[in-house]
Amino acid sequence: MEKIRYMTNLESFTQQRLDKVKKELSRLQIENRRKKAECFMYKCMAGIKKPEEFDMSNADVMRTVMKNTTTALNLRMRELNIADPNNPAISRSQNNH
């Protein structure tokens with residue numbers, strides 16, 4: 001009886017560990033796709049890659065990366081403008097959008 005209980009607990013423990021590792025794998029795969037899309041975006045901006053080389057199966061990831069990057073840049077531009085409202089370069093770039 002004790003051996004059956006031990007085997008059940010071991011099986012349960014093993015299943016929990018497996019579930020945890022699968023969840024971590026999924027999280028890392030998502031993060032990896034995001035980082036690849038971000039890297040591709042910056043390579044396009046630097047002229048190293050061409051947008052035509054982009055794999056459209058990752059369009060949803062790229063859309064999220066571009067949206068987050070744009071949001072972060074706009075926030076940073078606002079912060080810089082608040083810090084130095086007399087800087088005409090920052091004011092000009094914000095008025096263009």
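Every number here is computed from the coordinates shown, using simple stated rules; none is lab data. Owing to the predicted nature of the structure, the values given are computational and were not obtained by experimental measurement. With ideal geometry, Cβ positions are generated from the backbone for all residues, glycine too; neighbour counts draw on all protein chains shown.
One table, with the values for the structure above:
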{"item": "For segment 2-95, size of Cβ-based charge dipole, Lys and Arg +1, Asp and Glu -1, in debye", "result": "100"}
{"item": "Relative contact order (percent, whole number), segment 2-95, Cα cutoff 8 Å, 6+ residue spacing", "result": "19"}
{"item": "Hits among lysines - C-alpha to C-alpha of Lys23 under 27 Å, sequence gap 8 or more where chains match", "result": "Lys35, Lys36, Lys67"}
